[in-house]
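Novice: First, the structure itself, so that you have it in front of you.
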Amino acid sequence: MRDFQRRKDNMLIGGVSIAKLVGRFGTPLMVTDENALRENYRAVHNAFNAVFPTRVNYACKANSNLSLLRVLEQEGSCIDAVSIGEVEACLKAGFSAERILYTGVSVSDDEMRQLVERKVPINIDSIGQLRRLAALDNGHPISLRVNPDVGSGHSQKVVTGTKGAKFGIPKDEIVAAFAEAVKLGFSPKGLHAHTGSGGSDPTVFGRVTEVLVGIFERVRGELGIDLEFLDIGGGIGIPYRPEELRADLEAIASEVASKLQGSGVRTLVIEPGRYIVADTTVLLTRVNDVKSTPVKEYVLVDAGFNTLIRPAFYDSYHHVAVANKFGQQAQLKYDVAGPLCETGDYLAKERYLPKVEVGDTICVYDVGAYGFSMSSNYNTRPRCAEVLVNEGKAFLIREREDIKDLFRHQKIPSRLGP
Ligand code: LLP
């Protein structure tokens, strides 16, 4: 959570008044502060590079907007991509293929063929995938993903590193997988694991590093393979609630580095998504109605889980404020809910806010990660617009979808008539 400034009662983001943004671009609207994005990237890059040579692969599943990718390209970031769509977005944003590492699960031959054509290194998720890639190109640059049996995450839905999870090659099969990769003709470059998303306990990052170092040493000792990098995945959390503290990057970095010292590992790779983008972006949504029920007060806004699914899907907390009454005292307790026809459609529950009226703007914090990227057209609603603000200026970086966009790919068979 960032602290926002205000001019009179109006919230500012990147030096621009939210009232002006809403007047110019409408709602729902996602607004990203370019300087915050640059700051976050530098913070994580510098914290790790201060203690160990580290490549930062931004996990662009968090947010693959082309303008944000351009900013991170300029900052020198590399990329963790999970689909051919993300790869194409990154190439379009100016990343070269060797700055991208593709880590997929359930990867089709067709997708692998396209990755081979684009020369994008592939982080292999299973023995089956390894064999299928060998049939396409056994000289392609690869690394292997292990399931480290170390899990973490803000919700069970995002824990990836435990034994039963669908990701990676089981720990006790990973050395044999490296042996098979070599037999098939590959020269594996690295080893990868990801525990899950949204943690900030340094010891979890230390534990997964230890597992990877153990495998790195066995692969070198037993197979004579000298891997270039160890990739500990992403997962660094952010404080979504006012009372939570920022993750201690220095503590995480030094815990990880302490496990790498003397191991012979040359490069550490980390894949933060959330940490880099979450608090750079707010969602602005207009109050359409204020409704009292016998048990609670509702603020009904124009964004629901079609625009931000995290509260409905994970019960995630996102802080909210009334952007045009930012200096005012909280008076009443509200639930903030959207326009979708489901009771589970909410953005915030039991929040104390100044008296809310129709036409007010609710600002939802920390939506830069897994906000737009998880949005949908549910209830046949167009997706929102995105704006980038930088030192007092605002740029539209994604147009609002219009109703016509929703029908672009649909066809009515002629036998059904006009
Ligand atoms: N690397 C891999 C292999 C991953 O699967 C992920 C996230 C990351 C890196 C980046 O993790 P981060 O640093 O952003 O925590 N939709 C959920 C989060 C799902 C994360 C999926 N994988 C949410 O809204 O919380």
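Novice: So, in Å, what gap is there between the alpha-carbon centers of segment 234-280 and segment 331-347?
Specialist: If you average the Cα positions of each part, the centres end up 33 Å apart.
Novice: Can you list the trypsin sites (Lys or Arg not before Pro) in segment 342-418 that are in a DSSP coil and have 12 or fewer other beta carbons within 10 angstrom?
Specialist: Values: sites: Lys349, Arg351, Lys355, Arg383, Lys393, Arg398, Arg400, Lys404, Arg408, Lys411, Arg415; in loops: Lys355, Arg383, Arg400, Arg408, Lys411.
Answer by residue number: Arg408, Lys411.
Novice: Give, to the nearest whole percent, the P(r) tail of segment 360-404 beyond 16 angstrom, counting all Cα pairs. All intermediate terms of the calculation are to be shown ahead of the outcome.
Specialist: Details: 521 of 990 pairs.
Percentage above 16 Å: 53.
Novice: Which value in deg cm²/dmol, rounded to the nearest 500, describes the helix-derived mean residue ellipticity at 222 nm for the chain, given -39,500 (n - 2.57) per DSSP H run of n ≥ 4 and division by the residue count?
Specialist: So the calculated ellipticity at 222 nm is -8500 deg cm²/dmol.
Novice: Another question about this same structure. Where both residues lie in segment 277-396, what percent of DSSP beta bridges are antiparallel, nearest 5?
Specialist: Close to 90 percent.
Novice: Would you mind calculating the relative contact order of the chain from Cα pairs under 8 angstrom and at least 6 residues apart, reporting the percent as a whole number?
Specialist: Averaging sequence separation for qualifying contacts and normalising by length gives 20 percent for the chain.
Novice: Tell me which trypsin sites (Lys or Arg not before Pro) from segment 103-169 have a DSSP coil assignment and no more than 14 other beta carbons within 10 Å of their own.
Specialist: For trypsin sites (Lys or Arg not before Pro) across segment 103-169 that sit outside H, G, I, E and B with at most 14 neighbouring Cβ atoms in 10 Å, the list reads Arg118, Lys119, Lys163, Lys166.
Novice: Follow-up question, since we're still on this one. For segment 34-274, what is the convex hull (Cα atoms) projected area averaged across all directions, in square nanometres?
Specialist: 12.2 nm²
Novice: Using Stokes-Einstein with the Kirkwood hydrodynamic radius over Cα pairs, what translational diffusion coefficient do you get for segment 145-299 at 10 °C and a viscosity of 1.306 mPa s, in µm²/s rounded to a whole number?
Specialist: The estimated diffusion coefficient comes to 90 µm²/s.
Novice: Extent of the chain along each principal axis, from alpha carbon coordinates, in Å, largest to smallest?
Specialist: Computed over the Cα atoms, the extents are 69, 63, 42 Å.
Novice: Rounded to a whole number of µm²/s, how large is the Stokes-Einstein D of segment 79-222 at 20 °C and 1.002 mPa s, given Rh as the Kirkwood radius over C-alpha pairs?
Specialist: 137 µm²/s
Novice: Not counting the cut sites, what is the longest span of the chain without GluC sites (Glu not before Pro) that DSSP labels loop and that have at most 16 other Cβ atoms within 10 Å?
Specialist: That would be 1-227.
Novice: What area, in nm² and to one decimal, does the C-alpha convex hull of segment 16-126 cast on average over all directions?
Specialist: Convex hull of Cα atoms, orientation-averaged projection: 8.9 nm².
Novice: Shifting gears a bit: Would you list, by chain and number, the lysines whose Cα falls below 23 Å from the Cα of Lys20, excluding same-chain residues fewer than 8 positions away?
Specialist: Answer for Lys20, where 23 Å is the Cα cut-off: Lys8, Lys325, Lys355, Lys393, listed by chain and number.
Novice: Could you list Arg274, Arg6 in order of exposure, starting from the residue whose Cβ has the fewest other Cβ atoms within 10 Å?
Specialist: Ascending number of Cβ neighbours within 10 Å: Arg6, Arg274.
Novice: Among bridges DSSP assigns within segment 34-274, what percent are antiparallel (round to 5)?
Specialist: That works out to approximately 5 percent antiparallel.
Novice: Sticking with this structure for a sec: Taking every DSSP beta bridge that has both residues in the chain, what percent is antiparallel when rounded to the nearest 5?
Specialist: Just about 50 percent of them are antiparallel.
Novice: Determine ³J(HN,Hα), in whole Hz, for all residues of segment 346-355 in sequence, where each value follows from phi through the Karplus function 6.51 cos²θ - 1.76 cosθ + 1.60 and θ = phi - 60°; x replaces Gly and Pro.
Specialist: My calculation for segment 346-355 gives 9, 10, 7, 10, 6, 10, 8, 9, x, 3 Hz in order.
Novice: If contacts are Cα pairs under 8 angstrom and at least 6 residues apart, what is the relative contact order of segment 261-349 in percent? Working shown, then result.
Specialist: Values: 101 pairs, mean separation 24.0, N = 89.
Relative contact order here is 27 percent.
Novice: Let me test this: with uniform point scatterers at the alpha carbons of segment 1-61, what is the Debye-based log₁₀ I(q)/I(0) at q = 0.12, 0.27 1/Å?
Specialist: -0.46, -1.16
Read-outs throughout are calculated quantities, based only on the coordinates presented, and are distinct from any laboratory measurement. It should be emphasised that the depicted structure is a prediction, and the values quoted were computed from it without experimental measurement. Glycine gets a Cβ as well: all are built from the backbone with ideal geometry, and neighbour counts include every protein chain shown.
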